[in-house]
Every structure is written in structure tokens, then in C-alpha cells.
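What follows is one structure encoded as C-alpha cells, with my remarks underneath.
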Amino acid sequence: MALTPILTAHWDEPDSHTIGGYRRHGGYDMVPVSLGVHPDEVIALVKESGLRGRGGAGFPTGMKWGFVPQNDGKPHYLVVNADESEPGACKDIPLMLANPHSLVEGCIHAAYAIRANHAFIYIRGEVPHAVRRVTAAVAEAYAAGFLGKDILGSGFDLDIVVHSGAGAYICGEETALLDSLEGRRGQPRLKPPFPAVAGLYASPTVINNVETIANIPTIIRNGADWFKQFGTEKSPGFKLFAVSGHVERPGIYEASLGTTMRELLEYAGGVRAGHELKFWIPGGSSVPMLLPEHLDTPLTYEDMAGLGTMLGTGTPMVFDETTSVVRAISRWMHFYKHESCGKCTPCREGTFWLEQMLERFEAGTAIEADIETVDEICKQIAGRSFCALGDAAATPYAPALKYFREEFLAGTHTSADELFDPVAATVFAGAAAR
Amino acid sequence: MALTEQTRADAVDLAGRYPQSRSALLPMLHLVQSAEGTVTADGIALCADVIGLTTAEVAAVATFYTMYKRHKVGRVHVGVCTNTLCAVLGGDAIWSAVSERLGVGHDEVSADGAVSLERIECQAACTNAPVMTANWEFLDDMDVPRALEVIAKLQAGEEVHSTRGPRIGTFEEVERALAGFPDGLAGEGRNDDKMLAGLTYAKAHGMSAPPGPAASPLAAGAASKTEA
């Protein structure tokens, strides 16, 4: 395997975020091409490519588009989920900073395919510079005639609204995002009905992740066969892998799906000098952790599922032997408790207790029975809430306990900070000595 | 700072951008916050009036989202990420140092009114951990000395630049940009070494993606439709 800069190919050019920088490399050239064929042909091509959603769940994109009922007399909507907030995920924000036009162009193809004349890009509010870049890109696209009425004389109209969130992880969940976009508290809806049938304003709506949409222009340009030469049969294409944590060169590495974590580590310069890998998490805190023994498993949707975890956002977090697993899990429990929207009792109350019990392990004041109690709370949350936040909160503990039970046992008498000096885990540990 | 006729006109503008005006509520709350520094009862009333909701309905939304502040933040609102990855890589140490220096805890404002502090959750910049924010602009790859240096500059009212974005503006200016009124700063900032890590490695090692076909497979269909 090798790195395959495609979405990232021109990020080193200083004007990569402008329409000039984008057009220099063929940007928007495909707009008249897709607007020149029947929308169903665009859907068919994306289906044939096998592209799967890059937001975490990996649902086939073309199939999602195909679920939108046609000739139903209702307006259709495209909503881009740019609410990147999953702990560990940091690929969509860089993409919007570096090449927002790939997202805007993707919206044009996608909206045309699903017969939407309105698209919304819902960007988390805490990243104003991404909002600026995407807003500017949309304005440039209007000025160049790629958005607005009768785009390039095709008869197709599209308006894009860039919308800022206001600080709520839950709004990355697609139905909570829709409620938020309707001007309400961001709380998830019961499914079905699915958004493809009753989404924004109860109308057919497609919600796609930023990276998913940014893939579309490359598929329109190069076709399904080209796209499928990357990755595997079940996980075609390439991915923005964002490698973070205890590695020498954290960053964005674009490579075929099916690349292994060992290869990504090599690109990233390996685990930081003098240390060894303890555990890693392939795609955000909401997916189960893995060990060094799993480094050679291909990073695909199916292979990660085979290990009992998920590819998720494809943004691996790497932790070395200086890290306390108990401290890591405890902090994530705080996060889920903080971000639970409060709608469903098992999640609202369960995360409340999980946080407190994990704090006891971290402080070294837990009792041995707490190990089973926490497990029981997790089981009471999983599958018992409207959305995946509850499931996510219930996820990290079990694999951590399975792999590092002794650390939880130690939490009955010794604090995590005594067992693992927090200073040693910092990136600036030893900086003073040097 | 106050709500003005211009604020109301801007709110009406926002409401008109959406198929249903209520969709403008989140941007509108950013707008009234940009005018007053916090979301006040008056700001809530303005949103309710423009959209046609009750103040209770608007307050229910405003209190759900962490970015809407009900009491004054500092001239600069500083965030320190203490979610797991940042915390482990140094965020906790940075938090302790900054909190001690300012003499404030989470959601509090320094005595001189210059800086308010918030423990923030994952900021989607994990490759740049530990991460801080100032008025929500990225301060990447921080350590304790640099964090304290930034804090000192912010307290002194000196100019500070975001690592990937623009000069740090006021809280109100940033809120206005979030509301949907561009501030002309989109061109500021740069793509940093973390964003370019893979591309740099690929170029150094002669790696590239295989080229595509000469023409899009859809182009034939587009051409025939044009001829027809």
C-alpha cells in the first residue's frame, strides 16, 4: 500500500481554499457533465462506485440517495453533516479549511442527483474559521455561476446555506442535527421514519458527511472502476486517516481503505521515540479499542467489524505505555455525560453514574464490585436509547476491562496518577531536560 | 453594546435565508450574542418576535447549547481541551497552569475581565493536541509555557494570531461571523504541517494516486443529451 493524495493532493498550495486554486486542478469541470445527464445516472454511478459514508456508520451513499422518493411533490433537501466532534475525529475540519470547494462541488452533484434545490452545510460552531472558509467558497461558487438559478443554463437551481451550530456533540447524530437545523434543541428522533422519507421539515432529506460529499467530484470525474481500484470490494475507495496521539508525526494521511495501522504508523514516524504502543482506537472514542496485535488488520469496515470494533471516522488515536487506561475511559465517560442530550433516561442517568464510578477507579477509591456494576450500567444503556450516543457511552469500558483488567483492579487501592505519572504521557515530557 | 435596529434587520435577513424562518434561530442567537456579548432576555425576545415564537420556546433552545452564554465572558474566551487525548498529551497540565495563573476555574472570568476560561470537549484538532482556543480560533500544539505566554498577551490586550486562522478578534466579532455575516477573514491562516503530513510524506517517497481515465464516464451521456 501507499499513500494516495487525492482529496489532499493540492493542500500544500497557498490558495488551495480558493476557487482559483480549485479550478486550476479541474475543479467544477464536472458540473456541466453531471447536470448534462439524468439525475438517476449520477445516483447509479455513485452506487456502482460502492462509496460508503465517511462519517462513521459506513452506509452505502448511492443507496441512501436512492431511498429518496421521486415525483412525490415535496421539496427535497441535502444536508451536510459538518458537525465533526467525535473525540479523535479531525478530518472534516481540515478538509473544510484546506479545500472547501470540493465540498461545495460535491453538494452540486449530490443535490442534482436527489433533486434537491436547497442544501445546508451544518458546521459545528466552535470552529469559526471553517465556517469562514466554507461561506467564502459558497460565495465564490455563486459568483462563478455554479450555484443559484439555472446553473450553467441547465435549468437546475441550487441554493446552499452555511449554518453554524452552537456547541452540542449530539447534533452530529443525523436526526438531532435535523431538529437543530429546524431551530430546536438538538435531540434525536425515533427512526423510522428515516430522513430519506421524512427529514428536514418532514420532507425527503439526504444527510451526508463532509468527506463523503468531497469524494463525489472524484467519482464523477474518474468513474466507478477507478474508484474501486482503491480499497476492498466491501470498502472501496480512499480515506482521510487522521492519526493522533503518541506518534512522531501526527497528521492527515490519505490512503486506500485496507491500509493497516502498522503502515499508517510507519508514515507517521512510529510511536514516539523510546516508547511502545499500548492501545489504539481506529475511529473515535465511540468504537472499541484495539491492541498492538491488531496492527496488521486492514482498516476496512468489514475487517474492523471482524475484530468487534468499527472503522468509525477512520481517525486512529494512539496511546503509548505511559497512558492510564482508567484515566482515558474516565475522561470519555465525563464527555458522554456532558453531551447526553437528556432525552432518554438510560443514557441520561446511565452516563451520570458511569462518570462518577469511573472517577472512583481513577481516584483509587473503587471497590471490586464496582467492576461488575459499571459493566451492568453499560448493558442497561446499550440499545435502550433513541440514538447511538448511549451505545457509544456504553462501548469503551468493556474492551478496556477485557484488555487491562488489572488497571481497574488497581483502581480499588491506587489512583491512576500514582500508577501512571501524567507528566510522562504529555507531548512535552522531557522537553525541559532537552 | 446593545441590540439595535440593525440587529433586528440582520435577524430578519437571517430568517429569510431559510425555507422556514425558525431554522434561523441558532444563527440568530449567535447574532444577538454578538450584539450584547451574552444571550440576554432582550436578545431572546428579539429572536422570538422575529420568528414568531414564545420567549419560552427560544429560551429552551438557547439553554441547550453550550456556546450561548448567559453571563459575560472575558474580552477573550479561552478554551482548553481536556477530552481524553488532549488531556493525556498535556491538556490537563495546561488547564491547571492557566487556571492557576488566572485564578479562575471553569466558566469563570478573570478579575480584570480580560479572559474567561472553559474546559472544552474535543475540538476536532486531535492531530494538533494539546489544543486550546481563543474566541474559538485554534491555538494548536500547545505546551505550558506557550499557553501562559498567550494568556499573558491576551490579558495585556496584545495581538495574538491563531495557528491556522486569523488574528484573534473579539468574542463579539467571532459570534457575528458565526451568525452568518462574513468578516472578510476567510483568506487568513495557513494549512499546517499536520494537515500536510501525508502529502509531504507521499511527495518525499514518490507516492501518488493513479490517474483516472481521459474523460468522465458520464461525459458521453452528457454529450448525447446535448446533441439531442
query = If we sort B:25-38, A:301-314 on the protection proxy, mean other Cβ atoms within 10 Å, highest first, what's the order?
reply = B:25-38, A:301-314
note = Counted neighbours (other Cβ, 10 Å), sorted fewest up, put B:86, A:387 in the order A:387, B:86
message = Using a 10 Å cut-off around each Cβ, can you sort B:127, A:205, A:414 from fewest to most neighbouring Cβ atoms?
response = A:414, A:205, B:127
message = I need to check one value: relative contact order of the stretch B:5-62, counting alpha carbon pairs closer than 8 Å and at least 6 residues apart, in percent.
response = 30
key: Mean-position separation - Cα centroids, the stretch A:16-93 and the stretch B:164-189, in angstrom   = 28
request  = Could you pull out the pairs from A:191/A:402; A:64/A:402; A:191/B:69; A:191/A:343; A:379/B:69 whose alpha carbons sit more than 25 Å apart here?
outcome  = A:191/A:402; A:64/A:402; A:191/B:69; A:379/B:69
task = Give the span of the stretch A:238-320's Cα atoms along each principal axis, as three whole-Å numbers ordered largest to smallest.
result = 33, 23, 20
remark   = Between residue B:2 and residue B:190, Cβ-based FRET efficiency (R0 45 Å, step 0.05) works out to 0.75
inquiry  = Under a Cβ-only charge scheme (Lys and Arg +1, Asp and Glu -1), can you give me the dipole magnitude of the stretch A:1-146 about the Cα centre, in debye to the nearest 20?
reply    = 200
task = Would you please calculate the Kirkwood hydrodynamic radius of the stretch A:108-213 over all C-alpha pairs and express it in Å, rounded to one decimal?
result = 14.7
request  = Any chance you could list the semi-axes, whole Å, largest first, of the equivalent ellipsoid that the Cα gyration tensor gives for the protein assembly as shown, using √(5λ)?
outcome  = 36, 31, 24
query = Average partner chain C-beta neighbours within 10 Å, per residue of A:117-125?
reply = 3
ask   = Counting pairs of alpha carbon atoms under 8 Å apart in space and at least six apart in sequence, what relative contact order in percent does the stretch A:238-320 give?
value = 36
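Let me confirm one metric for peptide A:1-7, namely the mean number of other chain beta-carbon atoms within 10 Å of its residues' beta-carbons.
That works out to 6 on average.
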query = When a footprinting reagent is the concern and you count Cβ atoms within 10 Å, what order do A:52, B:75 take, fewest first?
reply = B:75, A:52
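Give the relative contact order (percent, whole number) for chain A; include only Cα pairs under 8 Å separated by 6+ residues.
Over chain A, the number comes to 16 percent.
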note = Output for the stretch B:5-62 (equivalent-ellipsoid semi-axes, sqrt of 5λ from the C-alpha gyration tensor, Å, descending) is 15, 13, 9
query = Full extension from residue A:202 to residue A:295: what is 0.36 nm times the residue separation minus their Cα-Cα distance, to one decimal in nm?
reply = 29.1 nm
remark   = Quick calc: nm separation of the 7 Å Cα→Cβ label points for residue B:203 and residue B:183 -> 3.1
note = Per-residue average of other protein chain Cβ atoms inside 10 Å, peptide A:234-242 -> 1
key: Cβ crowding within 10 Å averaged over residues, with B:8-20, A:341-353 ranked highest first   = A:341-353, B:8-20
key: Nitroxide proxy distance, nm - points 7 Å out along Cα→Cβ at residue B:153 and residue A:157   = 4.8
Simple spin-label estimate for residue A:375 and residue B:17 in nanometres, 7 Å along Cα-Cβ = 5.1
Most to least packed among B:169-181, A:127-139, A:79-91 [average Cβ atoms within 10 Å] = A:79-91, A:127-139, B:169-181
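Readers should treat all values here as calculations from the given coordinates under stated rules, not as data from a laboratory. Since this is a predicted model, take the numbers as computed values, not measurements. Because the Cβ atoms are built from the backbone with ideal geometry, glycine has one as well, and the counts that use them run over all protein chains shown.
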